[in-house]
Amino acid sequence: MFTEEKYRRHWRAAVEFLMLRKNPYTGLKLKDDPVIACIDFLNEQDLRIATGLEFFKKPFKDYLKKKYRTEAALSQAWKRNVTFEKASLLTEQLLRGNDRAAEDAGTFLISSMVEMSGWYYKTLRQIGYPGLVTHWDMIMRMMETPARARMPVIAQHSYFAHPHKVPAAKLIKKTRPNAYVVNSTLDTIVSQGS
């Protein structure tokens, strides 16, 4: 969604289908239905920094080229000998630095998130949905704050006191061992991945 126009076209097509479809019972299109309190553009569209941001390599390289124009200027700003190719891989180590490279990476990611949210917002308005919207309902990092600040509603679910183990009440009949339950005294285990 961040970098591929075809994914944005797919998202828009799916959302148009949902929002413009008439409810056969009420005759209302979803975009006009007052029962809708808020729309979350895409649940947990988090930047999984620890697992890689490879899809941002070309856009970040383009950002750096536009900003610095030459590798000599980039190397001078970052205070080390670096090429656009080597500099373009966003990593957690790069973002956690206390230097110009970290600042550039953070600024790029923040502007990408702000642009993405703006695109979602504009697209829903073009489809005709007038109501409340939200985004970035996932990991709470300061980096997401500028994008969240543009939303009229902030949704955040951090799984505080999320149920993890449900005591045995013989609610279910165990037909086979389960990787989590096995022969325990629990009927089920609910994890954050549930």
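The values are calculated or read from the model by the stated rules, or taken from the named source; none is laboratory data. Just so you know, these numbers come straight off a predicted model, no measurement behind them. We place every Cβ from the backbone using ideal geometry, glycine too, and count neighbours over all the protein chains shown. Accessible surface areas use protein heavy atoms only, side chains included; no ligands, DNA or RNA. Shrake-Rupley method; radii C 1.70, N 1.55, O 1.52, S 1.80 Å.
Of the helices (runs of 4 or more DSSP H) lying entirely inside region 5-82, those carrying at least 1 residues that are within 22 Å of the chain's Cα centre (by Cα) and at pLDDT below 95 are 5-20, 57-68.
Of all residues in region 36-43, none satisfies being over 26 Å from Thr134 (Cα atoms) and open to solvent by 80 Å² or more (accessible area, probe 1.4 Å). Gln126 falls short on exactly one of the conditions (1) touching a strand residue (DSSP E or B) at 6+ places or on another chain (Cβ under 9 Å); (2) surrounded by fewer than 12 Cβ atoms within 10 Å (Cβ to Cβ), and that condition is (1).
Each residue in region 83-112 was checked for being at pLDDT below 95 and acidic (Asp, Glu), and 2 pass. Scanning region 76-89 for any residue that is under 30 Å from Gln156 (Cα atoms) and either in contact with a Cys (Cβ under 6 Å, 6 or more places away or on another chain) or surrounded by fewer than 17 Cβ atoms within 10 Å (Cβ to Cβ) (or both) turns up at least one such residue.
Arg176 falls short on exactly one of the conditions (1) within 30 Å of Lys31 (Cβ to Cβ); (2) modelled with pLDDT under 95, and that condition is (1).
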